[in-house]
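Report on one structure; see the data block that follows.
The values are calculated or read from the model by the stated rules, or taken from the named source; none is laboratory data. Values in this document were obtained by computation on a predicted structure and should not be read as measured data. For neighbour counting, all protein chains shown are included, and Cβ atoms are generated from backbone atoms with ideal geometry for every residue, glycine included.
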Amino acid sequence: MSGICGIVYFDGRKVQEELQAMTCAIQHRGSDGIRVIKNENIGFVHLQLNVSVNIATDSSPIVDKNGVWCVADARIDNRAALLTQLFPSLPSSEAESLGNTALLLAAYAHWGEEMLFHLIGDFAFVLWDESRQKLIAGRDHCAARPLYYCYQPGGFVAFASEIKSLLTLPEVSNEFNFDKIHRYLEWASSLRPYRAETFYKNIHSLPPAHLLTVEAHAFKSRFCWDLKLERFAHLRTDEEFIEAFKTTFLEAVRCRLQTSYPVSAHLSGGLDSSSVCATAHHLLGQELNTLHFDMGEATQAEEKRFAERILQWGIYQHQYITPMTDLMAAVQTLTTLFDRPDHFTLLPTYYLAAAEAIKKQGSRLLLTGHDGDSVVGYGKTYPMRLLQSQRWGEFKELMKQYAQIADFSHRFEQWPEWPLSKRYAFIVRSYTQRYFVKIAKNKEWKRLTKEGWESVKALKMLPFGVNVLLVDGVLNWIRKYKKKQKFIVETDYGFLPEQAHLVADILHEGMLESTEEFEQIAAHYGYEAAHPFYDKRLIELCLVIPDRLKFNLGYGRGPLRAMMKEVLPEEVRLRTSKALMNQPVKMQISQHQREITGLFGQAQQLLPLLFTEAQALILDGYFKRALKEMAKKSSGSIHLYVREIHLAQWLLNQKRS
């Protein structure tokens, strides 16, 4: 865990005080040392935070015998394989002493610009090839380590772990990117792949699994993730898939436990974080510091009760995290740390309180269960495939089983009181509606009529109302469906169609920008955030695990549940409920409604100064809508004003600076 920054001038300018200014802006990342190398036109900086005492030997930046520079923020997880390939004749003791930066230089010397295909881990690195006068930068596959850059053809290229470092350069404009702001307020980021653009027009982020090459007058960024899923072809039975999952998950957690300091971990009470905690506790063989966000009585899923069941099964040093009382101060702090509005669902009062606790614990590593549900998957396409193949009987039996264990209390408060027949009807219709609407959208009327009646006879119910076979009824459903799906999911990473829906869940912009925010909070408070479910090997394996096994009679994440048998309490392992975070967030916002209203007023006054007239009108409309939604008692609409709060504070921060 560290920070990097640097600059390369193509126009003959000399590196002077600008490198120091870039470094000072992110000096919190260098609590264990800052190292600079530069010549007349180039300067690279490494800011070190030691997660392990062994990492102190990983000198960075360095220059190899061929004049290639390298600076990196990296944890390479396939070190052993790379050392065997790159240094076959080197004694193992010498090979093992090589730092990650030296390993990256060797990988570049061996594979050139194909090197990213061979790396596994969390990393961001930058190389300067003097002989080719070319800068090469790479980033890991899931945004665990950030890398931002600014490029002026013929002039310079600068890079840094945080945007604030680039903003110190006089050549870098702080002009806002309105399109990015608009999509942020639309929540469209949750439906599209990660983009290079940021909230500033002239500053970009290197997308995950991308290699960037920059010359004086040439620029290229390409996606470098070749799945090669045929290597899993030997896995055929459920037992083989589960065993492979277990081996890979254990390795994902083990790789992230390379620390000499106490380890902290999020423990929400859900399956993902509980599995990470139990596995880490097993691998460490010692006490684990666990943290739980105490949402009070407002959460319907009783998260605290589930967390306490986990604590009875292991040796944990546990702490309940209560939110900070000053919401407005927390929002201001977070928008300053991020150099952009916040993407988290929860308010910063929880995350900052947890960060303070981790710092007091002396931990330099935080494990999370971040996005485990997307990576392992619920297998929701399996019931759809049964419908597509018209296996009505199998679909009916599966839905009966699903209705018995499903818990949609986070959507329907009265769900526990619903009779089984009503639950079954709801679940069946949720699938059949999507299925038949798709047929209707393609105007396959004969097929709709035929399969519609077949489903009625087999399922003993109308899939989506008495108008199921009437054209007017179908068109109404299509219109409703289109309205809900206003933003189309884009999966332009080049994966195969059968992988696209899974990749969209894992690699969408909203989730990966949240991953970046985890990292930036951690860097500010002096620890590393690590996400085992984002292990590249685990993602690739989960792409080939059959949806039938993932669905697991409706439980979802079948391989993980199978692996954790007799490791987690059954109450947690077989849990199907989800926490409803809306209410505690709504309550906290309500307590600060007057301050938030004042914040909106200040931001609205700024809009004409920061944007065009048309842009200002659009943003003003969002703030006005937010004020109306805040006044409502319901907590279901918090997404219509939480982001406006963060945006308003961020705009004020920019104006003050």
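When the helices (runs of 4 or more DSSP H) confined to region 567-657 are screened for residues that are among the β-branched types (Val, Ile, Thr) and assigned by TED's automatic domain parsing to the domain that holds residue 325, none reaches at least 3 such residues. Among all positions in region 42-57, there is no residue which is outside any helix (DSSP H, G or I), surrounded by fewer than 17 Cβ atoms within 10 Å (Cβ to Cβ) and in contact (Cβ under 8 Å) with a residue 24 or more places away in the chain. Taking residue 75 as the residue in question, decide whether it is of a type in the set (Lys, Arg) and surrounded by fewer than 19 Cβ atoms within 10 Å (Cβ to Cβ). No: the conditions fail for residue 75.
One residue stands out in region 399-426 among those that are among the acidic types (Asp, Glu) and part of a loop (DSSP other than H, G, I, E, B): the one that is modelled with the highest pLDDT, namely 407. The C-beta contact set for region 106-123 (first residue touching a residue at least 12 places away in the same chain (Cβ under 8 Å), second residue among the small types (Gly, Ala, Ser) and assigned to a helix (DSSP H, G or I), distance under 8 angstrom, 6+ apart or interchain) comprises 115/107; 118/107; 119/107. Looking at 427, 358, just one residue is touching a Leu at 6+ places or on another chain (Cβ under 7 Å), under 29 Å from residue 507 (Cβ atoms) and β-branched (Val, Ile, Thr), and that residue is 358. For region 160-192, give me each residue that is in contact with a Ser or Thr (Cβ under 7 Å, 6 or more places away or on another chain) and either at pLDDT below 95 or not in a loop (DSSP other than H, G, I, E, B) (or both). 163, 180, 183, listed by residue number. Can you find even one residue in region 332-340 that is touching a residue at least 12 places away in the same chain (Cβ under 8 Å), of a type in the set (Phe, Trp, Tyr) and farther than 23 Å from residue 144 by Cβ? For region 332-340, residues touching a residue at least 12 places away in the same chain (Cβ under 8 Å), of a type in the set (Phe, Trp, Tyr) and farther than 23 Å from residue 144 by Cβ: absent.
Looking only at residues in region 1-40 that are in a helix (DSSP H, G or I) and of a type in the set (Gly, Ala, Ser), the one that is nearest to residue 339 (Cα to Cα) is 25. Hey, among the residues in region 126-143 that are at pLDDT 95 or above and within 30 Å of residue 252 (Cβ to Cβ), which one's surrounded by the fewest Cβ atoms within 10 Å (Cβ to Cβ)? Filtering first and then ranking leaves 136. The listed residues are 363, 389, 409, and the only one of them that is out of contact with any Cys (no Cβ under 8 Å at 6 or more places or on another chain), without any contact (Cβ under 8 Å) to a residue 24 or more places away in the chain and not assigned by TED's automatic domain parsing to the domain that holds residue 636 turns out to be 389. In this entry, residue 145 passes the filter for residues that are among the basic types (Lys, Arg), in contact with a Lys or Arg (Cβ under 8 Å, 6 or more places away or on another chain) and under 30 Å from residue 339 (Cα atoms). Among the conditions (1) closer than 27 Å to residue 535 by Cα; (2) over 31 Å from the mean Cα position of the chain (by Cα); (3) at pLDDT 95 or above, residue 68 misses just one, which is (1).
Would you say residue 93 is assigned by TED's automatic domain parsing to the domain that holds residue 208 and part of a loop (DSSP other than H, G, I, E, B)? Considered against the rule, which asks whether it is assigned by TED's automatic domain parsing to the domain that holds residue 208 and part of a loop (DSSP other than H, G, I, E, B), residue 93 comes out as no. Among the residues of region 212-238, those identified as free of Cβ contacts under 8 Å to residues at least 12 places away in the same chain and more than 22 Å from residue 537 (Cβ to Cβ) are 218, 220.
Quick check: anything in region 89-98 within 30 Å of residue 172 (Cα to Cα), out of contact with any Leu (no Cβ under 7 Å at 6 or more places or on another chain) and in contact (Cβ under 8 Å) with a residue 40 or more places away in the chain?
From region 89-98, those within 30 Å of residue 172 (Cα to Cα) are none; that's our starting set.
No, region 89-98 contains no residue that is within 30 Å of residue 172 (Cα to Cα), out of contact with any Leu (no Cβ under 7 Å at 6 or more places or on another chain) and in contact (Cβ under 8 Å) with a residue 40 or more places away in the chain.
When 568, 553 are checked against the criterion of being surrounded by fewer than 20 Cβ atoms within 10 Å (Cβ to Cβ) and farther than 30 Å from residue 645 by Cα, 553 stands alone in meeting it.
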